[in-house]
Number of protein chains: 2
Amino acid sequence: MVNKIKFERENVIRVAGQLFWEKGFHATSTRDLQEAINMRPGSIYSAFGSKEGLYTESLKDYTIQMEDQIESFLYNSDCILDGLHAFVVNTIIETKECRPSAICMLVKANSEFTDKDSNLYDLSLALAAKFENYLTVLFEQAIAHNEISNTLTAIEYARFFQVHLTGLRGYFNRPGVEQLAQQMINQMFILIKNL
Amino acid sequence: MVNKIKFERENVIRVAGQLFWEKGFHATSTRDLQEAINMRPGSIYSAFGSKEGLYTESLKDYTIQMEDQIESFLYNSDCILDGLHAFVVNTIIETKECRPSAICMLVKANSEFTDKDSNLYDLSLALAAKFENYLTVLFEQAIAHNEISNTLTAIEYARFFQVHLTGLRGYFNRPGVEQLAQQMINQMFILIKNL
DNA sequence: TTTGATTTTGAACGTATGTTCAAGTTAAAA
DNA sequence: TTTTAACTTGAACATACGTTCAAAATCAAA
């Protein structure tokens, strides 16, 4: 190698992702990005090909981060549902001051793109499916450990979880309703355990 | 009056709203709008002041339409929960081929705007609060008619309804999962009746 | 038929956008 | 020290954007 790449690719993707997550793809300009990640157009385009390329990497990274976060909460919990509960509380309540948006970046993506923006639309669907698979495996384990009944299949639990979490994250994407969140999250997990 | 306005204001707002609902505010250009509503820039700007002005009217109109639609389902149902059930089925399943998006335009707005776009951000919050009040009145009636228990207050039912519906509309904003929708909607209303 | 306030038209404006590329810089290898 | 391939820079490009405005068209009233 003749000259080392100066920027740290992972970190750049993460910072860009924060901007994209907050403002959305269309409302984020390449000049916003240049400033946020401290790179000039030529470097960005040689590294990522396009604004869309950088967004793609950011959205993939977001999904991985979210799964990593769940893994970390599971590691520190006695059972799967407690881990998921801690994750949800963290996502909705504890990160309130330090996140770009309460709403999941995947959900924002799925909301922003139509099948006209086909690449990004397809990507958002594929990553959502991947995340649902990930959750399904967790609920398979929860059923196997008798944490929840087998009235529903694992994938049905996963869907219920996703629907409810997405709804809550959307609902709490506004100021001044903090104290409601805790009880609505508790209600969510009471429901899951009684489905 | 010296010269009548040629366009029909309500219809223009509705058509513009369909475009905004599908593509979002930032991804809809004024030239897209010109073509969709068949008006030239000067007319649009004299009638609505700006792209933001037209969007504002469209989002207000969307909220009214949604409430009108619920009213119509309530009128044709024997009780409030059956009316809401019919509304949800219609929203998620029956209008599949003829709507700009499965996702509520209010939710899309709340997802798209940050407090930097302050006017539209505030508007989306205000309309969401208005809609929650509307739902709360309905659930007050449902409690009074003993359709549901008074374990929760009316506003808590309204919140649960909104969270669940938003989650479902997001979940079914993709192709090929039609037959799941019916059973998840049924589950939603079973839960409401047993809260 | 003429008037005149109002609405419609569409060319044009200034700016912001995504992207390109020639020139400059870097540092490992020769 | 020189070479050289890789990386970075930032001015510049073409286009798309939201918006304006002078001119043309419209039609109820005089």
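The values are calculated or read from the model by the stated rules, or taken from the named source; none is laboratory data. Given the structure is predicted, the values throughout are model-derived calculations rather than measurements. Methodologically, a virtual Cβ is constructed for each residue, glycine included, from the backbone with ideal geometry; neighbour enumeration extends over all protein chains shown.
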Options B:Ser50, B:Ser77, B:Ser72: the member that is out of contact with any strand residue (DSSP E or B) (no Cβ under 6 Å at 6 or more places or on another chain), over 29 Å from B:Gln182 (Cβ atoms), at pLDDT 95 or above and of a type in the set (S, T, N, Q): B:Ser50
Failed item, numbered, when B:Asp82 is tested on (1) more than 14 Å from every other protein chain (Cβ to nearest Cβ); (2) within 16 Å of DNA strand C (Cβ to nearest atom): (2)
Hits in the stretch B:113-129 (condition: facing another protein chain (nearest Cβ under 10 Å), assigned to a helix (DSSP H, G or I) and of a type in the set (D, E, K, R)): none
Residues located in the stretch A:42-71, provided they are near DNA strand C (Cβ under 8 Å from one of its atoms) and within 14 Å of chain B (Cβ to nearest Cβ): A:Lys51, A:Glu52
Near pairs, Cβ below 9 angstrom, 6+ apart or cross-chain, from the stretch B:19-41 (within 12 Å of chain A (Cβ to nearest Cβ)) to any residue that is in a helix (DSSP H, G or I) and among the β-branched types (Val, Ile, Thr): B:Leu19/B:Ile37
